[in-house]
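Notes follow the structure.
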């Protein structure tokens, strides 16, 4: 049975007929972007704000068990309310200031991760100061462990008794677009916090602050008799204190004459399945340089001009996919898979074949292609993947002389 | 005295008249990009390769003392040779395999950081297998500390005796473009290694492998009687093992009618100095969303369409600047500095005033403006900053209807 088709996000301001949109066309909003929430990031250190948002009756809590979200259906998240989560996180985790919480830090006390995601300004009710209104959204880790084991097991039993279930694997790709963006924010932050319980600079335990968007290396630990050693992350600003996002380049490669597109495949993919090339950006590379390096390393092709098309958050665990289109130079079109051994194959496809595959041969990696697909035909990634958007921009726009950027 | 003017990198393939360059114009190569080195990233785990590159008479070693590079002049780096660095790093740090080095790890042994930067393929001499030729480049940390204190102090005295000097502060902005790109790669990697001596996952010491592009959490430590605990970074792939690069958005904001540009200033900047807005991309944001969020948080302006212009590596310590142009929606042009308190001022400028400032009022932050600058006129960042390129693209292209992207 095919999974429900997710909605793709609409462009942020479809009504705007600006000089930029007339010149470059409609902005492509990729899956996992298009969040309805205003993050009001500057309010995160303000516990008076977080406390009133947390306790507001409209507040929504997205629950995670081992990084899997609680679903209402295959296309929708379920949100718990304040009364549901009190047994896990207490009546008000923001009752004292952040400064006081850091001063009282005790590494032996387990506090479940609670992330402030933002305000949905389309919903009335909660208000803070003059400007900040909307329904508050939080994410909470309810994985049964340590001091919350019993309460978390009871909560999970209760929600499962109502017919709800935590997702299993990456079925999130069927969530409605706005839900997918909320989930992506929550998952990225929960994962980053979980991967960094210790300070990379000094090796001591750290604590989550700023509504889950920062980790700090406290100078004291109530469980220790001695002071902790000094740590460079405490003086000045250290990027180690802030969430990590890994820039990744992903690119549709066009031939020098503009008529063909290069696609590659990994060994573990289903037969006939191809996609764009991709790889991590390295230190001190521009995106354009990273695109040229990765394409050469994986396929031997030499690119000239590179243009950035659109971007996509990818929360497995922490990527920013930067989608680009690059054009091969006339003398650089020969495929060589011998440099980096990542791909099983890479080859040039005619635009017509790719257009047909976009029509009949797309699906998620673990799913079947559509009913019109004929065995042996090219298979491609689904609309939720930026690879699909890049391939589509090239064969539906570029080869006809109007790249869709 | 004004500093020497750095060269800006040339576009990667200026001769390529591709469909992409005809549609979008010449690619902008920003300062710190444009490296002449092929990183051959897939050869980094291969110690036979690293060993022969390290010992080759043509190998160049860029030396760093406390993250400051050794300069030949204000515009050029100095490169040491194999015989200069043997006293610090030994005859061949790659004589045993990476696997063996991890098995023999001892956390009490100090090994100075050595980074393999790449091969300059325009220079003949060194060759590995069929395809990989060129002059090898390495970076080496010669900061006097622990077991190398004496050898490092002697080496520093020797090079200073020859009239060479380690740079002081950010004078690297006067390096020639290709040298700046080599320096940026080295600095980013040295800094990342130095900030992460401990594993964020388990808190134990880590070691540098893969020519400085990876840190691993070894299962054994010869200085300990007991085995180390298991660590999640050892099973599967963990992003904590790889260098961190923080995506940052920086954007020129155009008014709804396309005739004005929004610039902001921080309190600590010299009088009359303005620049583009900028900020870190957050988890699970697309670049386009991060641009809209940051512009609203810092200035209150609401943006519609956002287009990505070009990107710039920024090695202080580990940023990727993603340059964009965004256009305000007609009802969203009112400035409000009250949300995030980062800026002292943000206001709209007419294109003519900005064009004049690009002609007479640009300089580095600590430098004087040019001789034609008149006190009270607008001041702007220098050509080496992507902010300058974005502002220039807008006032020299966008307002005349042809954005330079």
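Computed quantities for the displayed model
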quantity	calculated
Answer residue from the range B:7-18, given it is over 16 Å from the mean Cα position of the chain (by Cα) and more than 7 Å from chain A (Cβ to nearest Cβ) and is modelled with the highest pLDDT among those	B:17
Subset of the range B:158-176 [under 15 Å from residue B:78 (Cα atoms) and in a helix (DSSP H, G or I)]	B:158, B:159, B:160, B:161, B:171, B:172, B:174
Count - residues of the range A:221-237 that are surrounded by 12 or more Cβ atoms within 10 Å (Cβ to Cβ), within 34 Å of the chain's Cα centre (by Cα) and part of a loop (DSSP other than H, G, I, E, B)	2
Residues located in the range B:32-65, provided they are within 13 Å of chain A (Cβ to nearest Cβ) and in a loop (DSSP other than H, G, I, E, B)	B:32, B:33, B:34, B:35, B:36, B:39, B:40, B:44, B:45, B:46
Exclusive hit being in contact with a helix residue (DSSP H, G or I) (Cβ under 6 Å, 6 or more places away or on another chain) and either in a loop (DSSP other than H, G, I, E, B) or buried (at least 16 other Cβ atoms within 10 Å of the Cβ) (or both), set A:367, A:372	A:372
Any hit, the range B:281-297, residues being within 23 Å of residue A:185 (Cβ to Cβ), surrounded by fewer than 22 Cβ atoms within 10 Å (Cβ to Cβ) and over 28 Å from the mean Cα position of the chain (by Cα)	no
Test: residue in the range B:140-152 that is assigned to a helix (DSSP H, G or I), within 13 Å of chain A (Cβ to nearest Cβ) and either in contact with a helix residue (DSSP H, G or I) (Cβ under 8 Å, 6 or more places away or on another chain) or closer than 13 Å to residue B:62 by Cβ (or both)	no
Residue A:164 being in the same structural domain as residue A:102 (by TED's automatic domain parsing) and touching a helix residue (DSSP H, G or I) at 6+ places or on another chain (Cβ under 6 Å)	no
Leading residue by the ranking (nearest to residue A:40 (Cα to Cα)) among those in the range B:300-337 that are at the interface with another protein chain (Cβ under 7 Å from one of its Cβ atoms) and part of a loop (DSSP other than H, G, I, E, B)	B:329
Test: residue A:295 is touching a strand residue (DSSP E or B) at 6+ places or on another chain (Cβ under 7 Å), within 22 Å of residue B:21 (Cα to Cα), in a strand (DSSP E or B) and in the same structural domain as residue A:355 (by TED's automatic domain parsing)	no
Test: residue in the range B:203-216 that is at pLDDT 95 or above and more than 28 Å from residue B:42 (Cβ to Cβ)	yes
Leading residue by the ranking (nearest to the other protein chains (Cβ to nearest Cβ)) among those in the range B:268-287 that are under 22 Å from residue A:283 (Cα atoms) and touching a residue at least 24 places away in the same chain (Cβ under 8 Å)	B:287
Subset of the range B:180-220 (residues that are buried (at least 24 other Cβ atoms within 10 Å of the Cβ), assigned to a helix (DSSP H, G or I) and touching a strand residue (DSSP E or B) at 6+ places or on another chain (Cβ under 7 Å))	B:182, B:183, B:184, B:185, B:186, B:189, B:190, B:211, B:212
Residue under evaluation residue A:391, criteria (1) buried (at least 24 other Cβ atoms within 10 Å of the Cβ); (2) within 14 Å of chain B (Cβ to nearest Cβ), criterion not met	(2)
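For every residue, the table says whether it meets (1) modelled with pLDDT of 95 or more; (2) buried (at least 21 other Cβ atoms within 10 Å of the Cβ).
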| position | (1), (2) |
| --- | --- |
| B:20 | no, yes |
| B:23 | no, no |
| B:28 | no, yes |
| B:40 | yes, yes |
| B:60 | yes, no |
| B:69 | yes, yes |
| B:73 | no, no |
| B:77 | yes, yes |
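Okay, residues lined up against (1) facing another protein chain (nearest Cβ under 9 Å); (2) in contact (Cβ under 8 Å) with a residue 60 or more places away in the chain:
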residue: A:192; (1), (2): yes, yes
residue: A:218; (1), (2): no, yes
residue: A:227; (1), (2): no, no
residue: A:243; (1), (2): yes, yes
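The values are calculated or read from the model by the stated rules, or taken from the named source; none is laboratory data. Please read all numbers here as calculations on a predicted model, not as lab measurements. Virtual Cβ from ideal backbone geometry, glycine too; neighbours counted across all protein chains shown.
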